[in-house]
Amino acid sequence: MELPSTSSVILGIESSCDETAAAVVVDGKEILSSVVASQVKTHAPYGGVVPELASRKHIENIVPVTRQALLQAGVSEKRLDAVAATRGPGLVGALLVGFSFAKAFSWALGIPLIGVNHLDGHLASAFFSSPAPEFPFVALLASGGHTAVYHVVSHTRAELMGQTRDDAAGEAYDKVAKMMGLGYPGGSAIEKLAAKGDPQKIHFTRPFVDKSSFDFSFSGIKTAAGRVIREAGERLDEEMPHIAAGFQQAVADVLCHKLIHAAKTRECRHIAMVGGVAANRTITGMLRRKAENEGLVLHVPPLDLCGDNAAMIAAAGFFMLREGKTAGIESDVYARVPAPVSKTG
Ligand code: KG4
Ligand code: ZN
(Lines give C-alpha, C1' and ligand atoms only; values in the text may rest on other atoms or scores of the structure.)
(Ligands and ions follow the chains in the order given, each with its own letter.)
Protein backbone atom coordinates (compact mmCIF):
# COMPACT_ATOMS: atom_id res chain seq x y z
CA MET A 1 0.00 0.00 0.00
CA GLU A 2 1.25 3.48 -0.95
CA LEU A 3 1.28 5.78 2.04
CA PRO A 4 2.46 9.40 2.05
CA SER A 5 6.03 9.56 3.35
CA THR A 6 4.86 12.03 6.00
CA SER A 7 2.48 9.46 7.55
CA SER A 8 3.59 7.76 10.71
CA VAL A 9 3.03 4.00 10.47
CA ILE A 10 3.08 2.19 13.79
CA LEU A 11 3.01 -1.50 14.57
CA GLY A 12 1.16 -2.12 17.85
CA ILE A 13 1.71 -5.24 19.97
CA GLU A 14 -0.49 -6.31 22.92
CA SER A 15 0.11 -9.33 25.17
CA SER A 16 -0.78 -8.22 28.71
CA CYS A 17 -3.32 -10.95 29.45
CA ASP A 18 -5.05 -13.55 27.30
CA GLU A 19 -5.07 -11.97 23.85
CA THR A 20 -2.09 -11.88 21.51
CA ALA A 21 -2.68 -8.90 19.24
CA ALA A 22 -0.88 -6.95 16.54
CA ALA A 23 -2.11 -3.98 14.51
CA VAL A 24 -0.86 -1.44 11.99
CA VAL A 25 -2.19 2.09 12.50
CA VAL A 26 -1.42 5.26 10.54
CA ASP A 27 -1.12 8.61 12.37
CA GLY A 28 -2.91 7.22 15.43
CA LYS A 29 -6.26 7.09 13.65
CA GLU A 30 -6.39 4.96 10.51
CA ILE A 31 -6.43 1.25 11.29
CA LEU A 32 -4.89 -0.73 8.41
CA SER A 33 -5.14 -4.03 10.31
CA SER A 34 -6.01 -5.27 13.78
CA VAL A 35 -5.45 -8.96 14.48
CA VAL A 36 -6.43 -10.52 17.81
CA ALA A 37 -5.68 -14.16 18.70
CA SER A 38 -7.88 -14.98 21.66
CA GLN A 39 -6.83 -17.61 24.20
CA VAL A 40 -10.35 -18.01 25.60
CA LYS A 41 -10.50 -21.70 24.66
CA THR A 42 -7.18 -22.41 26.40
CA HIS A 43 -8.27 -20.87 29.71
CA ALA A 44 -12.01 -21.68 29.70
CA PRO A 45 -11.60 -25.17 31.27
CA TYR A 46 -9.85 -23.52 34.26
CA GLY A 47 -12.52 -20.83 34.77
CA GLY A 48 -9.96 -18.02 34.47
CA VAL A 49 -6.61 -17.05 32.96
CA VAL A 50 -3.73 -19.37 33.86
CA PRO A 51 -0.60 -17.14 33.63
CA GLU A 52 1.81 -19.92 32.64
CA LEU A 53 -0.45 -21.09 29.80
CA ALA A 54 -0.97 -17.49 28.67
CA SER A 55 2.80 -16.96 28.27
CA ARG A 56 3.17 -20.17 26.28
CA LYS A 57 0.29 -19.23 23.96
CA HIS A 58 1.75 -15.75 23.41
CA ILE A 59 5.06 -17.34 22.38
CA GLU A 60 3.23 -19.53 19.85
CA ASN A 61 1.12 -16.67 18.49
CA ILE A 62 3.26 -13.54 18.50
CA VAL A 63 5.08 -14.12 15.18
CA PRO A 64 2.11 -15.40 13.12
CA VAL A 65 -0.17 -12.66 14.49
CA THR A 66 2.39 -9.95 13.64
CA ARG A 67 2.93 -11.42 10.14
CA GLN A 68 -0.82 -11.44 9.59
CA ALA A 69 -1.18 -7.83 10.73
CA LEU A 70 1.54 -6.66 8.31
CA LEU A 71 0.08 -8.77 5.49
CA GLN A 72 -3.46 -7.50 6.01
CA ALA A 73 -2.21 -3.92 6.20
CA GLY A 74 -0.27 -4.40 2.97
CA VAL A 75 2.71 -2.76 4.64
CA SER A 76 6.26 -4.08 4.62
CA GLU A 77 8.20 -3.89 7.86
CA LYS A 78 10.59 -1.44 6.18
CA ARG A 79 7.75 1.12 6.04
CA LEU A 80 7.19 1.00 9.82
CA ASP A 81 8.17 4.14 11.73
CA ALA A 82 7.98 2.64 15.22
CA VAL A 83 6.88 -0.37 17.25
CA ALA A 84 4.58 0.29 20.24
CA ALA A 85 4.05 -2.53 22.74
CA THR A 86 2.23 -2.90 26.03
CA ARG A 87 4.70 -2.61 28.87
CA GLY A 88 2.26 -3.06 31.78
CA PRO A 89 0.21 -3.51 33.87
CA GLY A 90 -0.61 -7.18 33.35
CA LEU A 91 0.82 -10.66 33.73
CA VAL A 92 4.60 -10.34 33.73
CA GLY A 93 5.26 -13.53 31.77
CA ALA A 94 2.68 -12.54 29.17
CA LEU A 95 3.94 -8.96 28.90
CA LEU A 96 7.52 -10.15 28.51
CA VAL A 97 6.66 -12.09 25.36
CA GLY A 98 5.14 -9.13 23.48
CA PHE A 99 7.49 -6.47 24.85
CA SER A 100 10.67 -8.50 24.23
CA PHE A 101 9.46 -9.32 20.73
CA ALA A 102 8.79 -5.61 20.10
CA LYS A 103 12.24 -4.71 21.43
CA ALA A 104 13.96 -7.17 19.12
CA PHE A 105 11.82 -6.20 16.12
CA SER A 106 12.36 -2.46 16.55
CA TRP A 107 16.09 -2.95 17.20
CA ALA A 108 16.49 -5.09 14.07
CA LEU A 109 14.65 -2.46 11.99
CA GLY A 110 16.48 0.45 13.62
CA ILE A 111 13.22 2.21 14.57
CA PRO A 112 11.97 3.53 17.94
CA LEU A 113 10.33 1.33 20.56
CA ILE A 114 7.44 2.78 22.57
CA GLY A 115 6.39 1.21 25.87
CA VAL A 116 2.66 1.77 26.30
CA ASN A 117 0.67 1.60 29.53
CA HIS A 118 -2.22 -0.80 28.80
CA LEU A 119 -4.69 1.58 30.48
CA ASP A 120 -3.52 4.48 28.30
CA GLY A 121 -4.13 2.11 25.38
CA HIS A 122 -7.75 1.59 26.44
CA LEU A 123 -8.16 5.37 26.85
CA ALA A 124 -6.75 5.87 23.33
CA SER A 125 -9.43 3.51 21.98
CA ALA A 126 -11.90 6.35 22.65
CA PHE A 127 -10.31 8.21 19.71
CA PHE A 128 -11.58 5.46 17.39
CA SER A 129 -15.19 6.30 18.20
CA SER A 130 -16.72 8.44 15.54
CA PRO A 131 -16.82 11.31 16.03
CA ALA A 132 -13.91 11.29 18.47
CA PRO A 133 -14.45 12.99 21.85
CA GLU A 134 -13.44 16.61 22.27
CA PHE A 135 -10.96 17.57 25.01
CA PRO A 136 -11.29 17.75 27.89
CA PHE A 137 -13.51 14.73 28.45
CA VAL A 138 -14.19 12.24 31.20
CA ALA A 139 -13.61 8.54 30.47
CA LEU A 140 -14.79 5.42 32.25
CA LEU A 141 -12.50 2.45 31.77
CA ALA A 142 -14.26 -0.78 32.75
CA SER A 143 -12.48 -4.04 31.99
CA GLY A 144 -11.66 -7.37 33.59
CA GLY A 145 -8.68 -5.95 35.47
CA HIS A 146 -9.60 -2.29 36.05
CA THR A 147 -12.47 0.07 36.66
CA ALA A 148 -11.56 3.74 36.85
CA VAL A 149 -12.64 7.24 35.85
CA TYR A 150 -10.19 9.68 34.23
CA HIS A 151 -10.22 13.34 33.32
CA VAL A 152 -8.59 13.30 29.89
CA VAL A 153 -7.07 16.64 28.89
CA SER A 154 -4.99 15.68 25.85
CA HIS A 155 -3.90 12.65 23.82
CA THR A 156 -1.18 11.95 26.37
CA ARG A 157 -2.46 13.41 29.61
CA ALA A 158 -5.15 11.96 31.86
CA GLU A 159 -5.76 12.38 35.56
CA LEU A 160 -7.10 9.47 37.58
CA MET A 161 -10.25 10.65 39.41
CA GLY A 162 -11.29 7.39 41.07
CA GLN A 163 -11.07 3.63 40.77
CA THR A 164 -12.44 0.43 42.20
CA ARG A 165 -11.49 -0.41 45.76
CA ASP A 166 -12.00 -4.13 45.18
CA ASP A 167 -13.21 -6.03 42.10
CA ALA A 168 -13.24 -4.57 38.60
CA ALA A 169 -16.66 -4.47 36.90
CA GLY A 170 -15.67 -7.14 34.35
CA GLU A 171 -14.22 -9.29 37.12
CA ALA A 172 -17.57 -9.14 38.97
CA TYR A 173 -19.32 -10.21 35.75
CA ASP A 174 -16.89 -13.12 35.34
CA LYS A 175 -17.26 -14.27 38.95
CA VAL A 176 -21.06 -14.12 38.91
CA ALA A 177 -21.07 -15.98 35.57
CA LYS A 178 -18.86 -18.66 37.09
CA MET A 179 -21.24 -19.06 40.05
CA MET A 180 -24.08 -19.49 37.56
CA GLY A 181 -22.10 -22.07 35.59
CA LEU A 182 -21.98 -19.86 32.49
CA GLY A 183 -18.29 -20.38 31.76
CA TYR A 184 -15.42 -17.94 31.31
CA PRO A 185 -15.33 -15.07 30.46
CA GLY A 186 -18.91 -14.41 31.47
CA GLY A 187 -19.67 -10.80 30.52
CA SER A 188 -21.51 -11.38 27.30
CA ALA A 189 -23.26 -14.55 28.65
CA ILE A 190 -24.72 -12.51 31.53
CA GLU A 191 -25.75 -9.72 29.15
CA LYS A 192 -27.64 -12.25 26.95
CA LEU A 193 -29.31 -13.89 29.94
CA ALA A 194 -30.24 -10.51 31.45
CA ALA A 195 -32.13 -9.60 28.26
CA LYS A 196 -34.67 -12.31 29.20
CA GLY A 197 -35.04 -11.23 32.82
CA ASP A 198 -36.78 -8.54 34.85
CA PRO A 199 -34.18 -6.11 36.28
CA GLN A 200 -36.65 -5.01 38.99
CA LYS A 201 -37.44 -8.48 40.36
CA ILE A 202 -34.29 -8.86 42.48
CA HIS A 203 -32.83 -5.72 43.95
CA PHE A 204 -29.10 -5.39 44.61
CA THR A 205 -27.83 -2.58 46.79
CA ARG A 206 -25.86 -0.01 44.76
CA PRO A 207 -22.50 0.63 46.40
CA PHE A 208 -21.81 4.27 45.70
CA VAL A 209 -18.96 4.21 48.27
CA ASP A 210 -18.73 7.85 49.47
CA LYS A 211 -21.15 9.96 47.48
CA SER A 212 -18.53 12.57 46.71
CA SER A 213 -15.75 10.19 45.63
CA PHE A 214 -15.36 8.61 42.22
CA ASP A 215 -14.27 5.28 43.65
CA PHE A 216 -16.20 2.10 42.94
CA SER A 217 -16.85 -1.15 44.76
CA PHE A 218 -18.28 -4.26 43.12
CA SER A 219 -17.47 -7.06 45.54
CA GLY A 220 -20.69 -6.44 47.54
CA ILE A 221 -22.92 -6.87 44.46
CA LYS A 222 -20.95 -10.00 43.52
CA THR A 223 -21.36 -11.50 47.02
CA ALA A 224 -25.06 -10.62 47.08
CA ALA A 225 -25.50 -12.34 43.69
CA GLY A 226 -23.76 -15.43 45.10
CA ARG A 227 -26.21 -15.49 48.02
CA VAL A 228 -29.24 -15.16 45.73
CA ILE A 229 -27.87 -17.95 43.50
CA ARG A 230 -27.47 -20.28 46.51
CA GLU A 231 -30.89 -19.41 47.89
CA ALA A 232 -32.60 -20.05 44.54
CA GLY A 233 -31.92 -23.78 44.96
CA GLU A 234 -34.12 -25.78 42.59
CA ARG A 235 -35.62 -22.62 41.09
CA LEU A 236 -32.19 -21.48 39.87
CA ASP A 237 -32.86 -22.12 36.17
CA GLU A 238 -35.99 -19.96 36.12
CA GLU A 239 -34.45 -17.29 38.40
CA MET A 240 -31.16 -16.96 36.51
CA PRO A 241 -32.36 -14.39 33.93
CA HIS A 242 -33.76 -12.20 36.75
CA ILE A 243 -30.57 -12.52 38.80
CA ALA A 244 -28.50 -11.58 35.73
CA ALA A 245 -30.80 -8.64 34.94
CA GLY A 246 -30.82 -7.37 38.54
CA PHE A 247 -27.04 -7.70 38.82
CA GLN A 248 -26.45 -5.94 35.50
CA GLN A 249 -28.86 -3.13 36.38
CA ALA A 250 -27.00 -2.51 39.66
CA VAL A 251 -23.58 -2.47 37.95
CA ALA A 252 -24.89 -0.21 35.18
CA ASP A 253 -26.48 2.23 37.65
CA VAL A 254 -23.20 2.61 39.55
CA LEU A 255 -21.11 3.04 36.38
CA CYS A 256 -23.55 5.59 34.87
CA HIS A 257 -23.92 7.53 38.11
CA LYS A 258 -20.16 7.88 38.70
CA LEU A 259 -19.33 8.79 35.10
CA ILE A 260 -22.06 11.44 34.82
CA HIS A 261 -21.20 12.83 38.25
CA ALA A 262 -17.53 13.06 37.19
CA ALA A 263 -18.45 14.85 33.95
CA LYS A 264 -20.57 17.39 35.83
CA THR A 265 -17.86 17.96 38.43
CA ARG A 266 -15.25 18.66 35.75
CA GLU A 267 -17.76 20.52 33.54
CA CYS A 268 -17.08 18.24 30.55
CA ARG A 269 -19.72 17.83 27.85
CA HIS A 270 -18.02 14.82 26.30
CA ILE A 271 -17.79 11.43 28.02
CA ALA A 272 -16.40 8.07 26.90
CA MET A 273 -16.71 4.47 28.00
CA VAL A 274 -13.88 2.07 27.07
CA GLY A 275 -12.64 -1.41 28.02
CA GLY A 276 -14.16 -4.89 27.70
CA VAL A 277 -17.35 -3.97 29.60
CA ALA A 278 -18.04 -1.22 27.03
CA ALA A 279 -18.83 -4.12 24.67
CA ASN A 280 -22.04 -4.42 26.70
CA ARG A 281 -24.43 -2.46 24.52
CA THR A 282 -27.22 -2.76 27.12
CA ILE A 283 -25.06 -0.72 29.52
CA THR A 284 -23.85 1.74 26.89
CA GLY A 285 -27.47 2.12 25.71
CA MET A 286 -28.58 3.07 29.25
CA LEU A 287 -25.59 5.35 29.58
CA ARG A 288 -26.37 7.08 26.28
CA ARG A 289 -29.96 7.80 27.34
CA LYS A 290 -28.89 9.15 30.73
CA ALA A 291 -26.10 11.19 29.14
CA GLU A 292 -28.47 12.74 26.61
CA ASN A 293 -30.86 13.73 29.40
CA GLU A 294 -27.95 15.60 31.00
CA GLY A 295 -26.87 17.20 27.71
CA LEU A 296 -23.73 15.04 27.51
CA VAL A 297 -22.29 13.34 24.42
CA LEU A 298 -21.20 9.71 24.86
CA HIS A 299 -18.37 8.15 22.84
CA VAL A 300 -17.85 4.37 22.71
CA PRO A 301 -15.26 2.62 20.50
CA PRO A 302 -16.43 0.08 17.90
CA LEU A 303 -17.17 -3.32 19.46
CA ASP A 304 -13.91 -4.98 18.36
CA LEU A 305 -11.86 -2.22 19.98
CA CYS A 306 -13.49 -2.40 23.43
CA GLY A 307 -11.69 -5.55 24.54
CA ASP A 308 -7.92 -5.95 24.39
CA ASN A 309 -6.46 -5.15 20.97
CA ALA A 310 -3.27 -3.74 19.51
CA ALA A 311 -4.79 -0.88 17.49
CA MET A 312 -5.33 1.05 20.72
CA ILE A 313 -1.69 0.38 21.70
CA ALA A 314 -0.45 1.65 18.31
CA ALA A 315 -2.64 4.77 18.67
CA ALA A 316 -1.41 5.53 22.21
CA GLY A 317 2.15 4.87 20.94
CA PHE A 318 1.72 7.36 18.10
CA PHE A 319 0.78 10.17 20.50
CA MET A 320 3.72 9.30 22.78
CA LEU A 321 6.13 9.20 19.83
CA ARG A 322 5.04 12.72 18.83
CA GLU A 323 6.27 13.83 22.26
CA GLY A 324 9.51 11.86 22.01
CA LYS A 325 8.46 9.35 24.68
CA THR A 326 10.33 6.28 23.49
CA ALA A 327 11.68 3.34 25.50
CA GLY A 328 15.28 2.13 25.63
CA ILE A 329 16.41 -1.42 24.98
CA GLU A 330 17.02 -1.79 28.74
CA SER A 331 13.39 -0.92 29.66
CA ASP A 332 11.42 -3.58 31.48
CA VAL A 333 7.77 -4.57 31.80
CA TYR A 334 5.75 -3.86 34.96
CA ALA A 335 2.98 -5.93 36.55
CA ARG A 336 1.28 -3.12 38.43
CA VAL A 337 0.47 0.45 37.60
CA PRO A 338 3.16 2.77 38.91
CA ALA A 339 1.36 5.27 41.17
CA PRO A 340 -0.21 7.64 40.37
CA VAL A 341 -2.04 5.90 37.52
CA SER A 342 -1.66 8.20 34.59
CA LYS A 343 0.33 8.51 31.45
CA THR A 344 3.53 6.94 32.63
CA GLY A 345 4.22 5.15 29.38
O1 KG4 B 1 -10.61 -5.03 28.25
P2 KG4 B 1 -10.66 -6.50 28.37
O3 KG4 B 1 -10.73 -7.32 27.10
O4 KG4 B 1 -9.45 -7.07 29.18
C5 KG4 B 1 -8.89 -6.44 30.30
O6 KG4 B 1 -8.09 -5.53 30.12
O7 KG4 B 1 -9.33 -6.85 31.41
O8 KG4 B 1 -11.93 -6.84 29.30
C9 KG4 B 1 -12.36 -8.13 29.54
C10 KG4 B 1 -13.56 -8.07 30.47
C11 KG4 B 1 -13.99 -9.44 30.99
O12 KG4 B 1 -14.15 -9.36 32.39
C13 KG4 B 1 -15.32 -9.67 30.27
O14 KG4 B 1 -16.24 -10.47 31.00
C15 KG4 B 1 -15.84 -8.26 30.13
O16 KG4 B 1 -14.69 -7.51 29.79
N17 KG4 B 1 -16.86 -8.18 29.08
C18 KG4 B 1 -18.12 -7.86 29.33
C19 KG4 B 1 -18.81 -7.99 28.10
N20 KG4 B 1 -17.92 -8.40 27.15
C21 KG4 B 1 -16.72 -8.51 27.78
N22 KG4 B 1 -18.73 -7.47 30.47
C23 KG4 B 1 -20.05 -7.20 30.40
N24 KG4 B 1 -20.78 -7.33 29.27
C25 KG4 B 1 -20.21 -7.72 28.10
N26 KG4 B 1 -20.95 -7.83 26.99
ZN1 ZN C 1 -7.51 -4.45 28.79
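Carbon and sulfur together cover what percent of the accessible area of the chain at a 1.4 Å probe radius?
Whole-percent figure for carbon plus sulfur exposure: 53.
To the nearest 10 degrees, how steep is helix 281-293 against the longest Cα principal axis of the chain, on a 0 to 90 scale?
Taking Cα atoms only, the helix is inclined about 80 degrees.
Suppose all protein chains stay in the model; what accessible area per residue would a 1.4 Å probe give for the chain, in Å²?
Ligands and nucleic acids excluded, the figure is 42 Å² per residue.
Using a 1.4 angstrom probe on the protein heavy atoms only, line up 308, 166 by accessible area, largest first.
Order by accessible area, largest first: 166, 308.
Under the rule of -39500 (n - 2.57) per DSSP H run of 4 or more residues, summed and divided by the residues of the chain, what mean residue ellipticity at 222 nm is obtained, to the nearest 500 deg cm²/dmol?
-13000 deg cm²/dmol
In the range 28-71, whose amide N lies under 20 Å from the spot 7 Å out along Cα-to-Cβ of residue 219? List them in ranges.
It comes to 48-49, nothing else.
Ordered by residue, what ³J(HN,Hα) values in Hz, to whole numbers, does the range 19-32 give under the Karplus form 6.51 cos²θ - 1.76 cosθ + 1.60, where θ = phi - 60° and Gly and Pro are x?
Values per residue, Gly and Pro as x: 10, 9, 9, 9, 8, 10, 10, 9, 6, x, 9, 9, 8, 8 Hz.
Pop a pseudo-label 7 angstrom from the Cα along the beta-carbon direction at both residue 40 and residue 293 and give the gap in nm to one decimal.
It works out to 3.2 nm between the two label points.
Restrict the search to the range 133-187; then list the GluC sites (Glu not before Pro) that DSSP places in a loop and that have at most 13 other Cβ atoms within 10 Å of their Cβ.
Loop-located and lightly packed - 134.
Starting from the Cα of residue 209, step 7 Å along the direction of its Cβ; do the same at residue 236; then give the gap between the two resulting points in nm.
3.2
Take a quick pass over the range 243-345 and tell me how many lysine pairs come in under 25 angstrom between Cα atoms, counting only ones 8 or more apart or on separate chains.
5
How many percent of DSSP beta bridges within the range 80-236 run antiparallel, rounded to 5?
65
Note down the nm distance, to one decimal, between modelled labels 7 Å out along Cα→Cβ at residue 323 and at residue 304.
Roughly 3.0 nm, to one decimal.
Let me confirm the definition first: pairs of Lys residues in the range 13-162, 8 or more apart or on different chains, C-alpha distance under 23 Å. How many are there?
Values: 29/78; 41/57; 57/103; 78/103.
Counting lysine pairs in the range 13-162 gives 4.
Write down the percent of antiparallel bridges among all DSSP beta bridges whose residues are both part of the chain, to the nearest 5.
For the chain, the DSSP antiparallel bridge percentage is about 60.
Please sort by residue number the trypsin sites (Lys or Arg not before Pro) in the range 258-345 whose DSSP state is loop and whose Cβ has at most 11 other Cβ atoms within 10 Å.
Answer by residue number: 336.
How much length is gained if the chain between residue 7 and residue 76 is pulled fully straight, taking 0.36 nm per residue apart and subtracting their Cα-Cα distance, in nm to one decimal?
This chain segment gains 23.4 nm when fully extended.
The values are calculated or read from the model by the stated rules, or taken from the named source; none is laboratory data. Computed from a prediction, not measured in an experiment: that's the story for all the values here. Cβ atoms come from the backbone with ideal geometry, glycine included; neighbour counts cover every protein chain shown. Quick note on the areas: whole protein, heavy atoms, side chains included, nothing else; ligands and nucleic acids left out. Shrake-Rupley method; radii C 1.70, N 1.55, O 1.52, S 1.80 Å.
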